[in-house]
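Here's the structure we're looking at; comments come further down.
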Amino acid sequence: MGDYPKDCSWYLVYTKPHNEDKVCQQLSRLKLDILNPKISEKRYVRNRLKDVVSPLFPCYIFAKFEYARDYRMVKYGRGVRNIVGFGNEASSVPEEIVASISEKTAQGVIDMPPPRYEYGEGVVISEGPFEGLDAVFIRKMDGMERVTVLLKAMNVRLVIDSYSLHGVGI
């Protein structure tokens, strides 16, 4: 991150949908520091589980600039909806928050590992034909991203994608 005068701060920029990268390119040309964290995760695309990289905060990016000098250039840039704030005043984001997010990203992408569950842990199926049903985690399948669960309602074992589960802390 660059060297800036003391009055430069980080701000949260609200973009139009799917314009995060375009706004980042535009603001980078103005020599501003930009943070556009992404997340790598598994998602179903056309009924197939795929690796997808998407914004960690859809429609939001972080930009560091001098408020008095750069506010109008940022706010009225193509693809920008607003700068987040209260009333008519933009609110700065603490440096520690931006630094924390930045250090968790490797080349701008946070890698989401598959969830880890213990035998007997309560889970809820979040996708597919069994969506919303309570289950009990049995085991992870070797060499795959699939798991075996026991459906509580029917006392039936299922093999499903591990990304289709959410822990319930039972």
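Scanning the stretch 60-80 for residues that are surrounded by 15 or more Cβ atoms within 10 Å (Cβ to Cβ) and under 23 Å from GLY108 (Cβ atoms) yields TYR60, ILE61, PHE62, ALA63, LYS64, PHE65, ASP70, VAL74, GLY77, GLY79, VAL80.
Listed here are the residues, each with its yes/no results for (1) touching a helix residue (DSSP H, G or I) at 6+ places or on another chain (Cβ under 6 Å); (2) of a type in the set (D, E, K, R); (3) in a loop (DSSP other than H, G, I, E, B).
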position: LEU49; (1), (2), (3): no, no, no
position: SER54; (1), (2), (3): no, no, no
position: PRO58; (1), (2), (3): no, no, yes
position: ILE61; (1), (2), (3): yes, no, no
position: LYS64; (1), (2), (3): no, yes, no
position: ALA68; (1), (2), (3): no, no, no
position: MET73; (1), (2), (3): no, no, no
position: GLY77; (1), (2), (3): yes, no, yes
position: ARG81; (1), (2), (3): no, yes, no
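Results for (1) part of a helix (DSSP H, G or I); (2) surrounded by fewer than 18 Cβ atoms within 10 Å (Cβ to Cβ), shown as yes or no for each residue.
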| residue | (1), (2) |
| --- | --- |
| TRP10 | no, no |
| HIS18 | no, yes |
| ASP21 | yes, yes |
| CYS24 | yes, no |
| LEU27 | yes, no |
| LYS31 | no, yes |
| SER40 | no, yes |
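Residues in the stretch 48-58 that are surrounded by 15 or more Cβ atoms within 10 Å (Cβ to Cβ) and within 14 Å of CYS24 (Cβ to Cβ): PRO55, LEU56, PHE57.
No lab work stands behind these numbers, since they all come straight from the coordinates. Predicted model only: the values in this text are computed from it and were never measured. Positions of Cβ are backbone-derived with ideal geometry, glycine not excepted, and every protein chain shown enters the neighbour counts.
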